[in-house]
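Asker: Please read through the structure below; I'll follow up with questions.
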Amino acid sequence: MESWTPNKRAVLAELVRNILGNYPRGRVLVAVDGIATIVTAPFADDLAQAFRLAGHTAFRSSVDQWERGRASIPPLDWSAGAGDALLVIDGTHLHHASRVGQWHTTVWLDAGTRVGPDAAVARYLMTTQPRALAAAIVDVTDPESPRRRFADSCVSALPLA
């Protein structure tokens, strides 16, 4: 059993339930996006492990390693396997227009000021707005105590009585 904090265990279990509720069968690509791989990689590792603990086949890969030629996407065991399985991919800029549509579902990790964005990241955040595109938003300001966030943008135009 993993030594996750109760809050982390609950957030991971909720994500697993939500994703499997939408994609109960087949090969599912789950993208974990954030402003730095020091944030996305450990969370994606934990999410893949949470799928395994729930009794599902899950694999891991990193887009950033793949782009640098140090890993393959999809991993060979994912490609050669049969049946239902999830591939949890982490990286940065995974909500970019060139990548949208490659994933079945996405998670945006909000690290707050824990990892300061450079100019390219600031441009990505401003032009792409990954928080608005993600199926799930998780605040990982404290990585051991993540919190699920919801980007509700519905505002009533009617005055409240």
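The values are calculated or read from the model by the stated rules, or taken from the named source; none is laboratory data. Nothing here was measured: the structure is a model prediction, and the numbers come from that model. Glycine gets a Cβ as well: all are built from the backbone with ideal geometry, and neighbour counts include every protein chain shown. Protein only, heavy atoms only, side chains kept; ligands, DNA and RNA dropped before computing areas. Shrake-Rupley method; radii C 1.70, N 1.55, O 1.52, S 1.80 Å.
Asker: Let me spell it out: the conditions are (1) at pLDDT 90 or above; (2) of a type outside the set (A, V, I, L, M, F, W, C); (3) closer than 26 Å to residue 4 by Cα; (4) crowded, with 16+ Cβ neighbours inside 10 Å, and residue 27 meets all of them except one. Which number is the exception?
Answerer: Result: residue 27 passes all but (3).
Asker: Quick one: how many residues across region 14-23 are touching a residue at least 24 places away in the same chain (Cβ under 8 Å) and open to solvent by 40 Å² or more (accessible area, probe 1.4 Å)? Outline the logic, then answer.
Answerer: Residues of region 14-23 touching a residue at least 24 places away in the same chain (Cβ under 8 Å): 14-16, 18-20, 22-23.
Checking which are open to solvent by 40 Å² or more (accessible area, probe 1.4 Å) leaves us with 14, 18, 22-23.
Residues flagged as touching a residue at least 24 places away in the same chain (Cβ under 8 Å) and open to solvent by 40 Å² or more (accessible area, probe 1.4 Å) within region 14-23 amount to 4.
Asker: Between residues in region 120-134 that are open to solvent by 90 Å² or more (accessible area, probe 1.4 Å) and residues that are hydroxyl-bearing (Ser, Thr, Tyr), which pairs lie under 9 Å by C-beta distance while being six or more apart or on different chains?
Answerer: If the second residue must be hydroxyl-bearing (Ser, Thr, Tyr), the pairs left are 133/106.
Asker: Would you be able to tell me the number of residues in region 1-39 that are of a type in the set (Asp, Glu) and in contact with a Leu (Cβ under 6 Å, 6 or more places away or on another chain)?
Answerer: Filtering region 1-39 for residues of a type in the set (Asp, Glu) gives 2, 14, 33.
With the extra rule that they be in contact with a Leu (Cβ under 6 Å, 6 or more places away or on another chain), the set shrinks to 33.
Total meeting the criteria: 1.
Asker: Count, please, the residues in region 46-63 that happen to be free of Cβ contacts under 8 Å to residues at least 24 places away in the same chain and either touching a Leu at 6+ places or on another chain (Cβ under 6 Å) or not small (Gly, Ala, Ser) (or both). Walk me through how you get there before you give the answer.
Answerer: Just the residues of region 46-63 that are free of Cβ contacts under 8 Å to residues at least 24 places away in the same chain, to begin with: 52, 55.
Next, only the ones that are either touching a Leu at 6+ places or on another chain (Cβ under 6 Å) or not small (Gly, Ala, Ser) (or both) stay: 52.
Qualifying residue count, region 46-63: 1.
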